[in-house]
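The values are calculated or read from the model by the stated rules, or taken from the named source; none is laboratory data. What you are looking at is a predicted structure, and each value in this text was computed from that prediction instead of being measured. Glycine gets a Cβ as well: all are built from the backbone with ideal geometry, and neighbour counts include every protein chain shown. Surface accessibility is based on the protein's heavy atoms, side chains included, excluding ligands, DNA and RNA. Shrake-Rupley method; radii C 1.70, N 1.55, O 1.52, S 1.80 Å.
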Amino acid sequence: MSGTFLKGVDISFVDEIEAEGGKFFDAGRGVDVLALLKESGINSIRLRLWNNPEGGYCNLERTIQFAKRIKEHGFHFLLDFHYSDYWADPGKQTKPKEWENYTFAQLVEAVRDFTRHTIHSLKLEDVLPDMVQIGNEIINGMLWDEGRVMDDGFDTDEQWENLAQLIKAGMTGLQDAITKEDKVTTMIHIDRGGDNEKSRKFFDRMSLLKVEYDIIGLSYYPWWHGSLQDLEHNLHDLADRYKKDIIVVEVAYPWTLSSDDVNLPFIFNSKEQLLEGYPATVEGQAKYLKDLITIIQQTPNQHGVGVYYWEPCWIPSKKQWSVGHDNNWANLTLFDFRGNKLESLNIFKEIH
């Protein structure tokens with residue numbers, strides 16, 4: 001995929017949706033959603049990996065099986081290590097239960113071993129990822145509290161050094177499982193798409209501590225991370241400053257604010273959260289996506305190399321989910337509540 005703009009989607013919930021009866025449609029016709037995504041211009045699939053999730057989804061066994069489908073359809077494959085049994089994000093980076101009582105040295109070893117075992121297992125099944133994230137949205141660190149940074153009481157040289165050691169352990173585990181012929185690129189992923197100050201603080205520390213990686217990953221949700229102009233400024237500054245390729249690896253925008261049909265507690269639920277000029281309609285969603293991708297592609301020196309829509313397929317096909325809460329994302333998808341493809345998905349066909 002070298003030189004190709006990555007038009008990706010994180011569809012980690014699709015395994016659970018399909019396994020428990022959910023279906024997808026295009027113009028009323030039942031479809032294999034991966035084939036439909038391919039037809040719609042998507043060229044990369046991202047999957048999250050949890051260590052030992054209670055619900056049973058997003059573990060290594062199921063990731064291997066789903067990765068086989070990804071490869072069969074010819075997609076580029078991005079694997080997202082959370083190093084947790086559950087969501088890891090800026091508000092929580094909970095250690096896997098098995099690692100709870102480890103010393104820091106044992107934790108470093110566990111990250112290396114888990115990464116090596118995972119990558120080795122995927123390679124044995126001929127589904128080696130093309131790209132790997134060491135951690136998910138780690139602006140505040142990972143594997144708290146040992147690897148926690150930024151927050152009050154944790155913004156110290158010692159804590160940053162701990163985080164660097166944990167990231168390096170993941171990178172080492174990856175390299176231990178592959179050969180020089182295997183082309184696997186690496187990403188460090190924070191959120192803060194529109195927050196240049198915090199983005200710079202984080203990646204300055206990575207540079208200072210000599211953490212080696214290929215790609216900067218950012219999440220950008222405007223209701224949390226600022227305006228499109230904020231994102232544009234951050235992309236330009238990071239590209240100039242670090243001379244690395246950048247992927248906006250999580251994005252989304254609503255196609256409706258109405259939950260009348262499904263009665264769900266949406267994360268995005270008010271007009272005040274909308275960007276001016278981008279209504280909560282299928283057309284507004286499409287315009288947002290098109291303009292967002294244009295901004296990424298105009299990053300200096302062609303350092304904006306991809307975008308991933310987060311969970312465009314998480315339709316409300318069931319009530320109780322393995323993650324233990326309702327589907328609060330169903331109006332941020334690229335399918336309607338019944339699994340019908342929205343026209344906004346076609347934007348990816350227009351992007352080159």
Scanning segment 270-297 for residues that are without any contact (Cβ under 8 Å) to a residue 24 or more places away in the chain and part of a loop (DSSP other than H, G, I, E, B), the one nearest to GLU343 (Cα to Cα) turns out to be PRO279
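Any residue in segment 300-319 that is in contact (Cβ under 8 Å) with a residue 12 or more places away in the chain, assigned to a helix (DSSP H, G or I) and of a type in the set (Val, Ile, Thr)?
no
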Collect the residues in segment 75-97 that are surrounded by fewer than 20 Cβ atoms within 10 Å (Cβ to Cβ) and either closer than 18 Å to ASP182 by Cβ or within 16 Å of the chain's Cα centre (by Cα) (or both), keeping them in residue-number order. TYR86, TRP87, ASP89, PRO90, GLY91, LYS92
Open to solvent by less than 20 Å² (accessible area, probe 1.4 Å), assigned to a loop (DSSP other than H, G, I, E, B), of a type outside the set (Phe, Trp, Tyr) and more than 30 Å from ILE296 (Cα to Cα) - does that describe any residue in segment 31-54? yes
Residues of segment 158-174 satisfying the condition of being crowded, with 18+ Cβ neighbours inside 10 Å and out of contact with any helix residue (DSSP H, G or I) (no Cβ under 7 Å at 6 or more places or on another chain): GLN159, LEU163, ALA164, ILE167, LYS168, MET171
Open to solvent by 10 Å² or more (accessible area, probe 1.4 Å), assigned to a helix (DSSP H, G or I) and either over 20 Å from PRO96 (Cα atoms) or of a type in the set (S, T, N, Q) (or both): does that describe GLU181? no
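Before we move on, is VAL248 in a loop (DSSP other than H, G, I, E, B) and within 17 Å of GLU137 (Cα to Cα)?
no
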Restricted to segment 211-245, and to residues that are under 24 Å from TRP329 (Cβ atoms) and of a type in the set (Phe, Trp, Tyr), which residue is nearest to the chain's Cα centre (by Cα)? TYR220
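Taking the conditions exactly as written (open to solvent by less than 10 Å² (accessible area, probe 1.4 Å) and of a type outside the set (D, E, K, R)), does SER259 satisfy them or not?
Details: open to solvent by less than 10 Å² (accessible area, probe 1.4 Å): no; of a type outside the set (D, E, K, R): yes.
Spelling it out, it is not the case that SER259 is open to solvent by less than 10 Å² (accessible area, probe 1.4 Å) and of a type outside the set (D, E, K, R).
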